[in-house]
1. Taking amide H atoms as placed 1.01 Å from N in the peptide plane, list the residues 5 or more away in sequence, or in a different chain, whose amide H sits under 5 Å from that of Phe141.
2. Taking Cα centroids, how far is region 13-42 from region 107-138 in Å?
3. Taking a 19 Å limit on the Cα-Cα distance, which of the listed pairs Lys164/Lys186; Lys156/Lys177; Lys156/Lys186; Lys83/Lys164; Lys164/Lys193; Lys22/Lys156 fall beyond it?
4. Once amide H atoms are placed 1.01 Å from N in the peptide plane, what residues at a sequence separation of 5 or more from Cys87, or on another chain, have their amide H within under 5 Å of its amide H?
5. List the aspartates and glutamates whose alpha-carbon lies under 13 Å from that of Lys160, not counting same-chain residues fewer than 8 positions away?
6. Quick one: what are the phi-derived ³J(HN,Hα) couplings along region 107-118, Karplus 6.51/-1.76/1.60 with θ = phi - 60°, whole Hz, x for glycine and proline?
7. Along region 186-197, what does the Karplus equation 6.51 cos²θ - 1.76 cosθ + 1.60 (θ = phi - 60°) give for ³J(HN,Hα), rounded to whole Hz, x for Gly and Pro?
8. In Å³ and rounded to a whole number, note down the convex hull volume per residue for the Cα atoms of the chain.
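Read-outs throughout are calculated quantities, based only on the coordinates presented, and are distinct from any laboratory measurement. Computed from a predicted structure; not experimentally measured. Quick reminder, even Gly has a Cβ in these numbers, built from the backbone with ideal geometry, and neighbours come from all protein chains shown.
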Amino acid sequence: MIERAEAPRMTTLTRPFDILAKHYSTGSTAYEILTVHSVLVTQLALEIAERYTERNPDTTVDLQFITEAALLHDIGIVGCNAKAIGCEGEEPYICHGVLGREILEAEGLPRHALVCERHTGSGIRANEVREAALPLPERDFLPVSVEEKIICVADKFYGKNPRKLWRRQELGAIDRKIAAWGNGPKTRWEKLKREFL
């Protein structure tokens with residue numbers, strides 16, 4: 001069964017930044033890296049959504065939700081041990097989606113929380129969690145809605161390396177990185193590319 005959640009509406013577009021500031025010190029390296037990355041991903045996600053709706057005029061895409069969820073999709077990095085980007089938590093980086101889901105569910109944003117959990121790579125299947133012994137709950141972490149898929153795709157184009165933060169990744173490099181995880185992730189990525197790029 002695919003888990004879905006209804007989205008409460010945020011009252012303004014400043015609310016995502018209010019939520020980020022609640023969980024991060026706003027002058028910190030982690031906050032600066034996170035907000036730059038998230039704004040870049042949001043801008044690209046909106047561009048992808050616009051092109052997608054031009055090709056699929058009968059499809060409705062929730063642009064407000066994309067904006068909010070893309071700004072919040074990596075909120076969980078605060079709980080990860082990723083000192084290079086200023087994160088002093090204890091969990092492995094791959095857990096940031098699950099951590100983000102917990103944060104946003106506590107904020108009363110269950111639909112946004114699912115984006116956190118489902119944006120990593122081209123999604124992760126339960127069997128891949130088991131076979132790779134990933135430190136994640138053994139369940140599917142796959143983008144389901146159009147909005148989730150768009151944010152997942154946009155996220156691949158920007159990293160969090162402080163020296164390359166503003167640099168957009170080349171598609172070939174993204175392809176190689178995802179293919180390194182195996183045929184399942186590669187096949188899912190190819191499908192996402194056909195649908196959204």
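1. Correct list: Ile124, Arg125, Ala126.
2. Answer, in whole Å: 21.
3. Cα-Cα > 19 Å for Lys164/Lys186; Lys164/Lys193; Lys22/Lys156; rest within.
4. Ala82
5. Correct list for Lys160: Glu32, Asp74.
6. Here the 3J(HN,Hα) series is 7, x, 10, x, 5, 5, 4, 5, 4, 3, 6, 10 Hz.
7. 4, 4, 5, 5, 4, 5, 4, 4, 4, 7, 10, 10
8. It comes to 122 Å³ per residue, whole-number rounded.
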